Amino acid sequence: MSCFCCNFVYLGIGVVAIYYLLKRYARGGQYTKNTTIDNKVVIITGANAGIGKANAIDLAKRGGKIYIACRDKTRGENALNDIRKQSGSDKVYFLPLDLASLKSIREFSNKFHQLENKLDILINNAGLLCHNRSLTEDGFEMHMGVNHLGHFLLTNLLLDLLKAAAPSRIVVVSSRANEMHRFDKDDIMTEKNYSAFKAYAMSKIANILFSKELAERLKGTKVTVNSCHPGVVQTEIVKGWSFSLMDIISYIFMKFGKTPMEGAQTQIRLAVDPELETVTGKYFSDCNVSKTSPDADDSEIAKWLWMKSSELVKLNKE
């Protein structure tokens, strides 16, 4: 074999080895306990694809009664059939929910209250990352509106059922993007200086602040609230992107990222691990407690955001 051919073979082996090691590193922590959740009622937002769907499959296998909540009816019903097939469970149901519409959120809550008298596990999983600035039905910037405010209202409307099921759990999916930007109280809708990553990072900080403040407010109720970073996952979260340098870098990172089931492991642990029954107000990454940015750990900002969010979604008028 010529030297050229040998070098080509060695290069190929090196590339494969590096790819394998990167994938192994990206895989992160795994939840390996065979914990069952028979007869527990679960809501997972954005469960028609990605880590939300992986959560639904796993928790259905563990015996849970799963409600997948997502916007698109066709995709939701297709996901429902697939989740039932992959989990072997017929206790999986679809309810429409558009987190970009406060009206839809209230309608979902009303319907769910008609169907169930308790809620054991709420996983606020749905999220988006948009290239261009856009607004929700109620005039909120899309990242803040869907990733934070929609879940803020949904969770508050379901608190009575979570308390009825106590000990119960709320899992809020955030991101390490909370470290990418400061939380700008004067521009939470990014009207003054918009960039997709700023808007996304602000919404992910908001997720953590919300979970920490809610955990404080729920002390003594046996309802726990924790947030987490699922890792860089191969999902459909990125919408409407072009071929800019940042888009290309993001695409490459995601190709080396976790599979949806690998990315779901931290949420699964937070939802079912008996060891975490009394753990609340924490932020997890790779199945373990982790640190956040200073802004995401600021109790004063958390209190301010709670009041601001309540005002925006008209929570006190419910």
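Brief remarks on what is shown
- Reported count of residues in segment 146-190, each being over 25 Å from Val223 (Cβ atoms) and not aliphatic (A, V, I, L, M), is 10.
- Taken across segment 187-200, residues that are surrounded by fewer than 17 Cβ atoms within 10 Å (Cβ to Cβ) and assigned to a helix (DSSP H, G or I) do occur, with at least one present.
- Listing of helices (runs of 4 or more DSSP H) fully contained in segment 1-89 that carry 3 or more residues being at pLDDT 95 or above and closer than 16 Å to Asn124 by Cα: 50-61
- Whichever residue in segment 137-150 is in a loop (DSSP other than H, G, I, E, B) and in contact with a Leu (Cβ under 8 Å, 6 or more places away or on another chain) and, among such residues, is surrounded by the fewest Cβ atoms within 10 Å (Cβ to Cβ): Glu137
- Qualifying residue in segment 268-289 (condition: surrounded by 14 or more Cβ atoms within 10 Å (Cβ to Cβ), within 14 Å of the chain's Cα centre (by Cα), of a type in the set (A, V, I, L, M) and at pLDDT below 95): no
- Qualifying residue in segment 241-257 (condition: closer than 28 Å to Arg106 by Cα and at pLDDT below 85): no
- Test: residue in segment 154-172 that is surrounded by 15 or more Cβ atoms within 10 Å (Cβ to Cβ), within 13 Å of the chain's Cα centre (by Cα), within 28 Å of Ala54 (Cβ to Cβ) and among the charged types (D, E, K, R): no
- Positions within segment 193-231 being of a type outside the set (Gly, Ala, Ser), out of contact with any helix residue (DSSP H, G or I) (no Cβ under 8 Å at 6 or more places or on another chain) and at pLDDT below 95, in sequence order: Tyr194, Lys198
The values are calculated or read from the model by the stated rules, or taken from the named source; none is laboratory data. Since we're looking at a predicted model, the values are computed, not measured. Cβ atoms come from the backbone with ideal geometry, glycine included; neighbour counts cover every protein chain shown.
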